[in-house]
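The values are calculated or read from the model by the stated rules, or taken from the named source; none is laboratory data. Computed from a predicted structure; not experimentally measured. Cβ sites come from the backbone with ideal geometry, for glycine too, and all protein chains shown count toward neighbours. The area values use the complete protein model at the heavy-atom level, side chains included, leaving out ligands, DNA and RNA. Shrake-Rupley method; radii C 1.70, N 1.55, O 1.52, S 1.80 Å.
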Amino acid sequence: MENNIHKLIIIGSGPAGLTAAIYASRANIKPVIIDGNEPGGQLMFTSYVENWPGEKSILGPQLMNNMREHAKHFGTEFIAGVVTDVDFSQKPFSITVNDKKQLQAHSIIIATGATPKRLNVPGEDTYWGKGVTTCAVCDGAFYPDKKVIVVGGGDTAMEDASFLKKFTNKITIIHILDAFTASHAMQQRVINDPDITIYYNSTVTEFHGDKNHVTGVTMTHQKTGETMQLDADGVFIAIGLNPNSDPFKHHINCNKGGFIDITNQTRTNIEGVFAAGDVHDYRYRQAVTSASAGCMAALDAERYLSENNII
Ligand SMILES: Cc1cc2nc3c(=O)[nH]c(=O)nc-3n(C[C@H](O)[C@H](O)[C@H](O)COP(=O)(O)OP(=O)(O)OC[C@H]3O[C@@H](n4cnc5c(N)ncnc54)[C@H](O)[C@@H]3O)c2cc1C
């Protein structure tokens, strides 16, 4: 660090941020990570991850701890706290942590991820990651021939239901409106599938379980208030994601949903500020794609620092 100016600050400590840190620290850039409220990111709240190359099955928190230790081993510095504001209008860039601490950096990687929208009903927190999840691609294979519920009516819910058909014919979709909002073709595929039961105008109002795993839900009809108990081995909540871009969205270009716009892989519209992972990627939303974006962002930051004679 020269005159208290960091070469690279990485905001966020999920797969994207930690992978960026591993690459940057091995390149001798001495990166600093700001952890955020959820050190380790979304995978800290799930159980088994079975799509991380080289690990047939690993607990999410264990995987994230391994990544953190890896980054630490090569010299990454971690700062606890949440970035609450930034100033990208002049260089070096400034960031504010917890509304008070000011840090400066020549380059920044934003890897603040996204927060899946929740229903905020009883039992959801208890069974989050214990059968209640947001990722069919990640967890669908855990439910061969099991009863699964998809909550939602947009493209993601349709995709999830279609994906789950690879494993089970016992699929129920619960949607709060009287019609799906997904594209016509995707809707038709689901509506015409005799193995998929659909409840419209309904939502999940409680999750039930045996303490270790979800076992079912209470569904409430939005118009009549009538309730019904449904058994479920897995519940996939597909009602959207909020990108964690609030502190940045008035300083860099974001799309309508708040996801950070990038060009040329990881570059934002501010030279020297890069983005990686779920905070810009609303399409793939996987640990491995986030990690790979983190790698690219670190390489791009390194090139930027070198081209500007900072390293
Ligand atoms: C229940 C569940 C199960 C999943 N299972 C799998 C799976 O099996 N396999 C798979 O590939 N993917 C899975 N996913 C998806 C995967 O977790 C995400 O795609 C991945 O974690 C995204 O990584 P990321 O680094 O972009 O962001 P995140 O993991 O979301 O991490 C974001 C980081 O940014 C920090 N942060 C946020 N705001 C700020 C701020 N203002 N200041 C500082 N830091 C901040 C947070 O504290 C956090 O450390 C799952 C997701 C969920 C919710």
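Taking region 5-118 as the region of interest, the number of lysine pairs whose Cα atoms are within less than 25 Å, with members eight or more places apart or on different chains, is 13.
Debye-formula intensities of region 1-85, expressed as log10 I(q)/I(0) at q = 0.10, 0.25 Å⁻¹, are -0.25, -1.19 (one equal scatterer per alpha-carbon, no solvent). Positive end of the dipole of the chain (Cβ unit charges, origin at the Cα centre): among T197, I22, S94, the Cα lying farthest that way belongs to I22. Averaging 1/r across all pairs of distinct Cα atoms in region 218-295 and inverting the result yields a Kirkwood radius of 15.1 Å. Computed over protein heavy atoms with a 1.4 Å probe, the carbon and sulfur contribution to the accessible area of region 32-139 reaches 49%. Taking only Cα atoms, what is the 0 to 90° angle, nearest 10, from helix 287-307's long axis to the longest principal axis of the chain? In the chain, helix 287-307 runs at an angle near 20 degrees to the longest axis. Dipole orientation for the chain: of the candidates Q104, H213, V132, Q104 has the Cα lying most toward the positive pole (charges on Cβ; Lys, Arg +1; Asp, Glu -1).
Would you mind computing the Rg to Rh ratio of the chain from its alpha-carbon coordinates, Kirkwood style for Rh? That ratio is 1.03, to two decimals.
Close amide-amide hydrogen proximity is noted between T205 and T218, M219, T220, each under 5 Å apart and 5 or more residues distant or on a separate chain (H modeled in the peptide plane; Pro and chain starts excluded). The Cα atoms of region 137-291 cover 53, 36, 33 Å along the three principal axes, with the biggest extent listed first. For V150, the residues whose modelled amide H falls within less than 5 Å of its own, excluding neighbours fewer than 5 places apart on the same chain, are T172, I173, I174, F236. Among 289-302, 68-81, 230-243, the peptide with the highest mean count of other Cβ atoms within 10 Å heads the list, and the full ranking is 289-302, 230-243, 68-81. A straight Cα-to-Cα reach below 17 Å connects K165 with the lysines K146, K147, residues fewer than 8 places away in its own chain not being considered. Highest mobility in the GNM of the chain, judged by mean-square fluctuation with C-alpha springs under 10 Å and restricted to S183, S25, S107, is found for S183. With the convex hull of the Cα atoms taken as the outline of region 60-182, the averaged projected area works out to 11.7 nm². Among the cysteines of the chain, C254, C295 have no other cysteine beta carbon within less than 4.7 Å of their own.
Placing +1 on the Cβ of every Lys and Arg and -1 on the Cβ of every Asp and Glu, with no other charges, gives the chain a dipole of roughly 320 debye about its Cα centre.
A 1.4 Å probe run over the protein chains yields, for the chain, 48 Å² of accessible area per residue, whole-number rounding. The share of accessible area on region 208-258 that comes from carbon and sulfur is 46 percent, using a 1.4 angstrom probe.
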